Structures are given as structure tokens and as C-alpha cells.
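The values are calculated or read from the model by the stated rules, or taken from the named source; none is laboratory data. Since the structure is predicted, the reported quantities are computational estimates derived from the model, not experimental observations. Methodologically, a virtual Cβ is constructed for each residue, glycine included, from the backbone with ideal geometry; neighbour enumeration extends over all protein chains shown. The area values use the complete protein model at the heavy-atom level, side chains included, leaving out ligands, DNA and RNA. Shrake-Rupley method; radii C 1.70, N 1.55, O 1.52, S 1.80 Å.
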Amino acid sequence: MTSISEQDFGFLRTFLREQSSIQLEPGKEYLAECRLTPVARALGLKDIAELVALIRRGTSVDARRRSLEAMTTNETSFFRDVHPFETLRDHVLPEIVRARAGERALNIWCAASSSGQEPYTIAMVIREHFPQVAGWRVRIIGTDISTEMLRRTREGRYSQLEINRGLPARLLLKYFERQGLEWQIKKELRDMVDAQEVNLAKRWPSWPIFDVIFLRNVLIYFDVATKREILGRARKLMRLDGALFLGGAETPMGLDDSLKRTQAGPSWCYRLAAASPAPQPLPRTA
Amino acid sequence: MKILIVDDSLAARSFIARMLTKQGHECVMASHGGEALERLTSEEVIELALVDWNMPFMNGLELVKAVRANSRRRDLPMLMVTSECELERVALAFEAGADEYLMKPFTDVELSSKIQLALASRAGTK
Ligand SMILES: C[S@@+](CC[C@H](N)C(=O)[O-])C[C@H]1O[C@@H](n2cnc3c(N)ncnc32)[C@H](O)[C@@H]1O
């Protein structure tokens, strides 16, 4: 493998930062190499130098898109980290569902939803534990920058490894169908999730405000200014009594002081400082 | 944690044992349901069983049923680990009393994820 030149690496860093605000740190040459070599091959190019030249020329949307996608990490799983979904199930949703009994609508946004495991996990939590919202307008919007991840989300097909990871087999039994060697999530759940292309670092579509926002394991890739900007915009899209979930290694501390960490059960979420006190567990109806 | 691995394939047993030992667990083995049941009638502390489906003498499903019917061991967390991938099989395993279901092949990530789920599920049934 020819290694990546200093110039090409510099160009890629700027390209990534400008296109998706992703930080590619100096010293991560190996990462660029092992992610982009397959892209170069797939496009019939000799090496990364040729790929970079193609991106620079700006004539190939395909080369740009594929390279961007290859450089982002799509790691995810059903019920990732487990506890946030317990907090959602036992503390956040009971309170919000009760408060929305008049409106009969729930709006949930899963930003950076990757291949869809996170929005489908939320859909399963709702189906399993909140029978009272059957007949409500429940909308789970899953967004990502990667068209490939959005295609996967819409299709809702998962490999055996993916369904072995984090997904209780009882839920597999209930909500999936076997398709050859893969597993597809049933249409009733696919219909709950709306996959849309959104670059968090650019303009967002005009949306309703959300009851719950999942913004997990994506802020880590951005620089401080972009983090602050994204958190600020996400906060403005939250209902007063809404809840924001971030990844385990992410915090709004020092970035957005109007988001207050609220411990609820085994995990925590963030709520608007002006809003209600810590959510209390309610008796579950299911 | 002390884990009983029940599988008729030596290769499968050692593959799983290697992963679990690396994660700090202690492993004991049985090559079919009968042998496992014998082991479970002793006083030995065993905290989790990983159970293959297809085995000679007594298969995994029969083993799960036998353990659930045994007053002293009925709360043992049991995880089916098998290449049986039909949903009907998964349903049968749950009916018999399995706590979780892991399909072969898998890596250490899926194995520990399913172990956590099996333990949580058993804790929730008490
Ligand atoms: C590590 S995954 C996180 C998936 C999921 N939220 C979770 O926690 O399991 C990060 C996702 O962020 C997406 N992403 C990266 N940069 C983005 C951007 N600027 N706008 C939107 N999505 C982006 C990637 O495509 C990837 O799917």
C-alpha cells in the first residue's frame, strides 16, 4: 500500500471539516488509508493519491460522497449502552406520554441514526411499554449524513451479528422477519421511523418541536464551535418538558448552560434548565 | 463468574471458553445435556449455563426443561448458543425456559451482550 502524502492528508482534513465538520486529527493517516483504499479500488483508481485528485477536481459527486461516508464511523447497536433506554422507558416517556394525552402526538428525533438501530430501539420501547399511544401520531425521525445509512434504515435489514448485539431475542421474535441470512424489522415498526438526510453541521429542515431528542455519539467528532452551535439549535427544537439524550462521552457542560443534566434511574438525560424538576417514575401501565 | 458451557463440539467449547476466560470468567464444560445435568446436581456453584441445541443423549432444549423443573437449580440463568436460526426455534427455547438466545457464529462482543441480557432477564423473572 502506498502511504498517504502529507499534502493529501492535509487536503482530506480540510475536506472533511468543511463538508461535515468532522475532525480528522493529525496522526490519523492510517485511518484515512484503511478507510479510503477500498473506496479508491471500488472506483477503479490506483491509490489514494488518485482518489484525492478526483475529489479535488470536484467533478465526481460519487467520489466525494463515498469518501465522506467511508471516513465517518457508523458504529451502533440496538439498545446501545442499555441504561439510557431504561431511563427513557421508566422516567422520560411516562411523564411525556401523560402530558401529551390531549394532543395524542409524540415527536422524537434521532440525530445521527446510522443504520437505524437507535430509532428502531425507540420504536420497540414505545410498542412494548406504551400501549396507550396506539392510535396517536407517533413520529420518529432518524437523520444521518450518510445516504447509505439512510438506505439501510429504510430497509431495516440487519445481519445476524447486528441482531445478536444488544437486541433481546424476545424482541427479535416479535418484531423481525427472517430474510435469507438477514433479519428485517417488520413493516409496522418501519412505518414509525422516517429516515431523512440531514447534515448536522449545515442547515436543518423546518421541523416540529420534539418531545425527545437522541443526539448520541456524533458530537465527539466535531470541534467545539460546531458542538456549541448544534447543541444550541437542538435545544431550540425541544419542548419545554422535553428530554435530550447524549452519548456517554458527551456533555453540554461548558457548551450550553441551559441544558441541565438530570439523573433518572440508571442513566441520565438533559432537560431545559427553566423547565420542570427531575422526572419522577410513574407506575407503569403496561 | 463461573459458567458452564454445554456443547458437543470440542472446538465450540474451547472457542467460547477462550473468549470467556479472557473476560475474566471461569469455565467448566459438559459435552451433552446429561453430563451437564449431572454436574448441576452437585453442590458446585454455577452462575450461568451456555447451552447448545443439538447434542447427543440429551439435547439443549431438554436440558433447559430439566433444569427449570429442578427445584434447586430452576433459577439458573440459561443462554441458548446455537446455529438454529429459525424463529420457531427461538420461540421453543423461550417456552422451555431459556433466558436468552445467541445464534452462531458470533464474536466476543455479541457473547457478552447476550450474557448481560440473559442475566438481566433471569433477575427480572424472580
Ligand atoms: C457512531 S454513529 C452513532 C449512531 C447512533 N447515534 C448511536 O449512538 O449508536 C455516528 C453517525 O453520525 C453520522 N454523522 C457524522 N457526521 C455527521 C454530520 N455532520 N451530520 C449528520 N450525521 C453525521 C455518521 O454517518 C454516523 O452514522
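If we scan segment B:26-34, do we find a residue that is within 11 Å of the chain's Cα centre (by Cα), closer than 27 Å to B:V109 by Cβ, within 14 Å of chain A (Cβ to nearest Cβ) and buried (at least 16 other Cβ atoms within 10 Å of the Cβ)? Checked segment B:26-34: no residue is within 11 Å of the chain's Cα centre (by Cα), closer than 27 Å to B:V109 by Cβ, within 14 Å of chain A (Cβ to nearest Cβ) and buried (at least 16 other Cβ atoms within 10 Å of the Cβ). Consider segment B:101-111 and keep the residues that are facing another protein chain (nearest Cβ under 10 Å) and assigned to a helix (DSSP H, G or I). The one that is most open to solvent (accessible area, probe 1.4 Å) is B:V109.
Scanning segment A:215-234 for residues that are touching a Ser or Thr at 6+ places or on another chain (Cβ under 8 Å) and either closer than 30 Å to A:F176 by Cβ or modelled with pLDDT of 95 or more (or both) yields a single hit, A:N217.
For segment A:99-120, filtered to residues that are outside any strand (DSSP E or B) and away from the ligand (no atom under 11 Å from the Cβ), the residue that is farthest from the chain's Cα centre (by Cα) is A:G102. Of the listed requirements (1) open to solvent by less than 80 Å² (accessible area, probe 1.4 Å); (2) part of a helix (DSSP H, G or I); (3) within 13 Å of chain A (Cβ to nearest Cβ), B:A98 misses just one: (2). Of the residues examined, A:L231 is one that is in contact with a Leu (Cβ under 9 Å, 6 or more places away or on another chain), within 15 Å of the ligand (Cβ to nearest atom) and farther than 20 Å from A:S77 by Cβ.
A:E103 meets the conditions (1) charged (D, E, K, R); (2) at pLDDT below 95; (3) open to solvent by 50 Å² or more (accessible area, probe 1.4 Å) in every case but one. The failed one is (2). Within segment B:38-86, the set of residues being without any contact (Cβ under 8 Å) to a residue 40 or more places away in the chain, within 13 Å of chain A (Cβ to nearest Cβ) and in contact with a Leu (Cβ under 6 Å, 6 or more places away or on another chain) comprises B:L79 only. Against the definition (assigned to a loop (DSSP other than H, G, I, E, B), closer than 30 Å to B:D99 by Cβ and among the aliphatic types (A, V, I, L, M)), how does A:L255 come out, yes or no? No; evaluated as a whole, the condition is false for this residue. Restricting attention to segment A:69-93, the residues being open to solvent by 30 Å² or more (accessible area, probe 1.4 Å) and part of a helix (DSSP H, G or I) number 5.
Please determine, by comparing only the residues of segment A:176-213 that are aromatic (F, W, Y) and open to solvent by 20 Å² or more (accessible area, probe 1.4 Å), which one is nearest to the ligand (Cβ to nearest atom). Looking at the filtered set, the residue picked out is A:W204. Testing A:G166 on (1) touching a residue at least 12 places away in the same chain (Cβ under 8 Å); (2) away from the ligand (no atom under 15 Å from the Cβ); (3) touching a Phe, Trp or Tyr at 6+ places or on another chain (Cβ under 6 Å), one condition comes back false. Which one is that? Unmet condition: (2).
Do we have A:I96 as more than 10 Å from the ligand (Cβ to nearest atom), over 30 Å from B:L102 (Cα atoms) and part of a helix (DSSP H, G or I) here? Criteria met by A:I96.
Would you be able to say whether some residue in segment A:132-147 is more than 27 Å from A:L240 (Cβ to Cβ) and at pLDDT 95 or above? Before you say what the answer is, go through the steps one by one.
Our first condition is that a residue be more than 27 Å from A:L240 (Cβ to Cβ); within segment A:132-147, this holds for A:144-147.
Still in the list and also at pLDDT 95 or above: A:144.
Yes, some residue in segment A:132-147 is more than 27 Å from A:L240 (Cβ to Cβ) and at pLDDT 95 or above.
Step by step: first the residues of segment A:214-236, then only those that are of a type in the set (D, E, K, R) and not in a helix (DSSP H, G or I), then the one that is least open to solvent (accessible area, probe 1.4 Å). Which residue is that?
Only one residue tops the list, namely A:R216.
Evaluated against (1) within 14 Å of chain B (Cβ to nearest Cβ); (2) open to solvent by 30 Å² or more (accessible area, probe 1.4 Å); (3) within 13 Å of the ligand (Cβ to nearest atom), A:I145 falls short on exactly one condition, (1).
Taking the stated definitions as given, is A:A53 at pLDDT 90 or above, more than 14 Å from chain B (Cβ to nearest Cβ) and more than 16 Å from the ligand (Cβ to nearest atom)? Give the derivation first.
On the way: at pLDDT 90 or above: yes; more than 14 Å from chain B (Cβ to nearest Cβ): yes; more than 16 Å from the ligand (Cβ to nearest atom): yes.
Here the answer is yes, as A:A53 does meet what is asked.
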